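Read-outs: derived from the displayed coordinates by stated rules, not from any lab. Quantities reported herein were computed from a predicted structural model and do not represent experimental measurements. Positions of Cβ are generated from backbone atoms using ideal geometry, with glycine treated the same way; all protein chains shown enter the neighbour counts.
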């Protein structure tokens, strides 16, 4: 028989699920943002920046809508997941793939925001979300994904090394935060890794030889230019004395 505390938690989740609803205003903001993005995407850099602004405005509304929902192991209660997805799919008219991105990235973003700023205000608006993300230098969907899923601080060198050598698995805590797991997942197998090291050594030698050659050519050219300059100055002096 469940304890009173467990029953209370279940009642609270059920109440949240029944009360949860994405507002008409939020749906309209997402719909209009995606409409604008479709007309701007890929035209030029300025338009892409404007499209990113619309995308973050839409994310702000979705994130604000679920910010107060308690997550269990990094997930929303199933009924709320479905309600959110249905609203984006049916009312905002988004594709299933776009809905999945909004859902997954927004759920992860809520956890990240809580880690960064602590308790989220009860009246958390879409504009406040966008402002908080901007303060974290997150102004595009790509940056949001990297930050929310823990890729923001990885350099290209580290990501490449992890693909080649491998890395530790990750595990979710009760709060949904990802931490280092106990298993190490290989990248290349041992034989491939040995071949990779040999290839790197060959390429590094070729790179050094090329740079040394380029450096030598540059030094030779500089010396020649300097000699030509000196010769020109001497010729001018001789002409002046003639």
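Subtracting the Cα-Cα distance of residue 191 and residue 91 from 0.36 nm times their residue separation leaves 30.7 nm of extension gain. When peptides 83-90, 69-76 are sorted by average Cβ neighbour count within 10 Å, with the highest value leading, the order is 83-90, 69-76. Extension gain for the segment residue 158 to residue 223, taken as residue separation times 0.36 nm less the Cα-Cα distance, is 19.4 nm to one decimal. On the beta carbon distance between residue 70 and residue 131, with R0 = 22 Å, the FRET formula returns roughly 0.40. Among 144, 40, sorting on how many other beta-carbon atoms sit within 10 Å of each Cβ, with the fewest leading, yields 40, 144.
Dimensions of segment 32-111 based on its C-alpha atoms, expressed as ranges along the principal axes with the largest first, amount to 41, 25, 16 Å.
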